[in-house]
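Below is one structure; the comments refer to it alone.
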Amino acid sequence: MLFFSYFKDLVGQEVTVELKNDLAIRGTLHSVDQYLNIKLENTRVVDQDKYPHMLSVRNCFIRGSVVRYVQLPPDGVDLSVRNCFIRGSVVRYVQLPPDGVDVDLLHDAARREARGG
């Protein structure tokens, strides 16, 4: 419910939704439900040359399971989260800052793992 609550706070703001088929749609977030289905108003396609058949679409409903990512508005969004629980099985990767990684520690851990201990 963390993401549902977060997206509900974005209602009325302009977002860009990229779908798994590479179609990107920009519009005003009208509503979102607990399945992260999204309804956009005043929509426009980001790449109009690639998707000319979408030029006349002004409102759309997007099923949550086809969304690749949602680009948030650049300003006016509080991105601070105090506590968050994310189930490990849904994590694809974790991106770390390059200067914040102790490479020697990782190498030592990999060597210990390779030795079986």
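No value in this document is a laboratory result; all are computed from the given coordinates. What you are looking at is a predicted structure, and each value in this text was computed from that prediction instead of being measured. Please note: Cβ atoms are built from the backbone with ideal geometry, for glycine as well, and neighbour counts cover all protein chains shown.
Measuring gaps between exposed loop sites in the chain (chymotrypsin sites (Phe, Trp or Tyr not before Pro); DSSP loop; at most 15 other Cβ atoms within 10 Å), the longest gap, sites not included, is 36-84. Computed over the chain, the P(r) curve from all C-alpha pair distances, binned at 10 Å from the origin, holds 11, 32, 26, 15, 11, 4, 0 percent per bin. Computed on region 1-55, with alpha-carbon pairs under 8 angstrom and 6+ residues apart, the relative contact order is 28 percent. Here 38, 62 are placed in order of increasing Cβ neighbour count within 10 Å, fewest first, which gives 62, 38. Taking other residues whose beta carbon is less than 12 angstrom from the beta carbon of residue 108, and scoring Lys, Arg as +1 and Asp, Glu as -1, yields 0. Model label points for residue 41 and residue 90, set 7 angstrom from Cα along the Cα-to-Cβ axis, are 2.9 nm apart.
Within 10 Å of each residue's Cβ, count the other Cβ atoms and sort 26, 68, 92 from fewest upward.
Least to most surrounded, the residues fall as 92, 68, 26.
Extension gain, residue 67-residue 18: 0.36 nm per intervening residue step, less the Cα-Cα distance, totals 17.0 nm.
Could you tally the net charge around residue 50, taking each other residue with its Cβ under 15 Å from the Cβ of residue 50, Lys/Arg +1 and Asp/Glu -1?
-2
Taking other C-beta atoms within 10 angstrom as a stand-in for reagent exposure, 5, 31, 56 fall in the order 56, 5, 31, fewest first.
Note on residue 113/residue 56: beta-carbon distance plugged into 1/(1 + (r/R0)^6) with R0 of 35 Å gives a FRET efficiency of 0.05.
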